[in-house]
Structures are given as structure tokens and as C-alpha cells.
1. May I ask you to list the residues in region 235-249 that are at pLDDT 90 or above and part of a loop (DSSP other than H, G, I, E, B)?
2. Please go through region 80-108 and pick out each residue that is outside any helix (DSSP H, G or I), within 16 Å of Lys132 (Cα to Cα) and small (Gly, Ala, Ser).
3. Could we say that Gly228 is in contact with a strand residue (DSSP E or B) (Cβ under 6 Å, 6 or more places away or on another chain), under 21 Å from Lys324 (Cβ atoms) and outside the structural domain of Gly107 (by TED's automatic domain parsing) here?
4. For region 378-390, indicate whether the set of residues that are under 30 Å from Ile36 (Cβ atoms), not acidic (Asp, Glu) and not in a helix (DSSP H, G or I) is non-empty.
5. Is it true that some residue in region 317-333 is within 24 Å of Pro53 (Cβ to Cβ) and out of contact with any Phe, Trp or Tyr (no Cβ under 6 Å at 6 or more places or on another chain)?
6. Only residues that are more than 30 Å from Lys354 (Cβ to Cβ) and among the basic types (Lys, Arg): list them for region 175-223, please.
7. Out of region 315-358, which residues are surrounded by fewer than 17 Cβ atoms within 10 Å (Cβ to Cβ), of a type in the set (A, V, I, L, M, F, W, C) and out of contact with any Lys or Arg (no Cβ under 8 Å at 6 or more places or on another chain)?
8. Output yes when any residue across region 168-183 is at pLDDT below 90, over 30 Å from Asp328 (Cβ atoms) and either more than 27 Å from the chain's Cα centre (by Cα) or assigned to a loop (DSSP other than H, G, I, E, B) (or both), and no when none is.
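The values are calculated or read from the model by the stated rules, or taken from the named source; none is laboratory data. Keep in mind it's a predicted model, so treat the numbers as computed, not measured. No Cβ is skipped: glycine too gets one built from the backbone with ideal geometry, and neighbour counts run over all protein chains shown.
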Amino acid sequence: MKTFKFITVFAILFTTISAQTLFEDSCVVRVGNEVITSKDIQDNLEIYKLQFPNVPEDSLKKAILEELINRKLILIAAKKDTSISVSDEEVDKALDNWIQGLKQQFGEKRFNEELKKEGLTLAKLKSINKEKMKEELMIEKYLAKYITPKIRVTEEELRKFYEDYQDSLRKPARFKIAQILIKFKPTPEEDKAVYKKALSVYKKIKSGEPFDKFLRLSDDDLTRDRGGDLGIVNINQFSDTVKYALLWLKPGDISKPVRGEFGWHIFQVVEKKDSFYHLRHIMFKITPSEKDKERAKKRVEKVLKELKKGTPFATLAELYSDDKMSKDLGGELGWMSEYELPPATVDSLKKMKKGEVKVIESPVGYHIVKLLDKEDARKYTFDEVKDNLKQLLLQKKQQEEIKKLIESLKKKIYVGKCEG
């Protein structure tokens, strides 16, 4: 039963094959006869950062500590309850399901590669996580026994919830679009000039000057004032060029200048675990010149002339689009919510008619957009959201009951500072 918030969090954390940390393993809080250490908090921090990238680290650590305390309290109570037991067969079955889930999530080949890289066998992986899985199952059984029977949602409650919040239960506008992307492409000379600037900084850092000294030169407005911190990212989301430049770096290493979509980057690896890297960077942006834009505009005009002649949009997308993901699909991007698109693009699409073509400029280039279909924003009907509302109300009631349970357990089980 993993609908409970903090159980879900630990189910996600549980998918880590093994944990790495650079931090001291010191006691932070004692719960009964068990302790929560700084290592426990730090090991969970990376996953929390991925889930909540805009939340300050101190706030995340407080949330992690609270979740760990709650889990310990319920686990202690579950262990004391003689009616709750978990057999070895249940643990083995749960571990098999967990491993199967990992294989489906990452692919069996990559899973085996990661296993090998960690120096583990399947048997060893199960052995390492057996006790954790047993604890997870005990918590689930305890909650299923003492929380689940209390949770009920009536039809009347659902309708009242819908009536109270129907104005905010809005189905966003959606657009089915195709595009031909004509990128702004700098000349080799422009690219080389920015690369030389990045290379000069890289050489100074490698000669001993501090990385932070050059952050003021970064063209990334979002990260420059916070130490160039990109947070924890999965490097598989990067282009192959960036990914392979980072792949061989160790924590503390600085990358040579790497070409990204918008310019050249110098990366610093803070920490890494599998494909998840905590990165900082200095970005040297390649700003399109007016000549770059003019060249792109001429390509746009050429495409528009072909469209007027009757050449199919899909054919022109395959011939001219710089969007590698969609060009072989005739430029089709499928249905997109208004929340997935820039506000200026949404404004343009709302004014367009089906079948109409319009050129929209972005920092990347010109997008020749064709509106294939659209759905206006509207309120959801009760039947459309009934199942989702039920889940929301169930979750709300579950959290309320868990909160009561935690407060009750805190009166019976010591939670406080570590001794000594």
C-alpha cells in the first residue's frame, strides 16, 4: 500500500542500488532505541533534490528528517505488534518484484551493466536490501491494519469537493501541432571566438585559480548568482557530446569546454552516483547575430514559398527541419497542453485556425508551426474527474490519519537528541 506520501518517498529511494556519500555518519536524532544519522539524511537528499529542485537544501533536510522520524516511529510500533509478521517468502517475492521493476524502468541491459559496475550479483543485491524490504513490508502491514479501515469516501463528499473546487478544476487548452524548426546557426568564426574565451578560463582554472572566481563571466542568468549550481541531473538527458564529456569525470573534476545547444560550458562535478551528477557550470553563450538570424529567415522564406506551391508540410519538415526528434514524423509534435508551451506561443496558437501556418521566433530559432487541431480550455465535468477526486480525498484522509498516528506514537516512543 504505497499511496501514503512518506512510504512512496521511501519506495523511490529504495530503487538506488547502493548509496554513496561523502559525509560523516554521525547521530542526529534518536527514535526509541534507533538512531537517524547525518548519512541517512544525506543519502536521501539527492533524490529529494530531483523531486523538488526549487526548494532550498535546508528545507529539504528538515523534510527528510521528519520523514525518517515518522518511518522509524511506525516501524518500532509495527515490530512491537505481535499480530504483524513478515515471512522470508514475502520478502523474497517483494525483492523479485522490485528488481523486475528496475529492469523495466532502466532496461535489462543497463540494469546488468550497473549491477556489474557496482560489483554485485543478484543474490548480493537481494541480501543487501533484504532487511530494508522487510521493514518496508512491516510498515505497509501496520498501516493497512490501523489506517486503511478508517478511510472511506462517500459520493456526497465527492460532489461537495467538486462543487467547492470546480472553478479551479480546469482542463487546459490543448494543441495538436507540427513544426519545421529553422535554427539560428552561428558561423564557425563566431563559435570559435566563444570557444577561445571558454578555453582561456578553463586553462586558468586548471592552473590553480578557483572555479568560483570566473562565475561572474557565466551567461546563465539562472545559476550565475548561486554558484553556477545546476543541482542533481541525470546526464542521460544531455546530448551525447555533453554526456560523454562528463562520463569520465570524478567528483571535483573540471571538464574541458563542452559545446551545448546554446554555447560552451565548463562543468564541475560536485558528486556523482550512477547517471546522477551534481553539477556546477560556467556557460559562455553564443548569441545569434543579426546575420545568423537573416540566414535563418531566408531559409524560412524558402520553406514558406514551397508551402504556397502546395508541397506537403510533412515533406518540407523532413527536408528542412532542424528538429531531429520530429522531422522524420513530418514535424508532428502531437498534442501539447498550454502548460507545456511558452506563453507567447500559446497566445499565437489560440488566435490561429486549424490548418493555419505561422512563424514563431524563440531563442533557438524560427518555428514554422502548423496548427493541426485544438481544444479550448474548459471546466472538467464531475464524471471526468470523479476518480481523481476520490484519490485526492483518500490521500487527504490518509495523511490526516497518519498525522494522528504519528502524534500518538510520539507520546509513547522517545524522539530526541542523541546522547553523548
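1. Leu249
2. Ser85, Ser87
3. Working: in contact with a strand residue (DSSP E or B) (Cβ under 6 Å, 6 or more places away or on another chain): yes; under 21 Å from Lys324 (Cβ atoms): no; outside the structural domain of Gly107 (by TED's automatic domain parsing): yes.
Considered against the rule, which asks whether it is in contact with a strand residue (DSSP E or B) (Cβ under 6 Å, 6 or more places away or on another chain), under 21 Å from Lys324 (Cβ atoms) and outside the structural domain of Gly107 (by TED's automatic domain parsing), Gly228 comes out as no.
4. Pass one, region 378-390, residues under 30 Å from Ile36 (Cβ atoms): none.
No, there is no match, as no residue in region 378-390 is under 30 Å from Ile36 (Cβ atoms), not acidic (Asp, Glu) and not in a helix (DSSP H, G or I).
5. yes
6. Within region 175-223, the subset more than 30 Å from Lys354 (Cβ to Cβ) is 185-223.
If the condition is that a residue be more than 30 Å from Lys354 (Cβ to Cβ) and among the basic types (Lys, Arg), then Lys185, Lys192, Lys196, Lys197, Lys203, Lys204, Lys206, Lys213, Arg216 are the ones that fit.
7. Scanning region 315-358 gives Leu319, Met325, Leu329, Ala344.
8. Yes, that holds for at least one residue.
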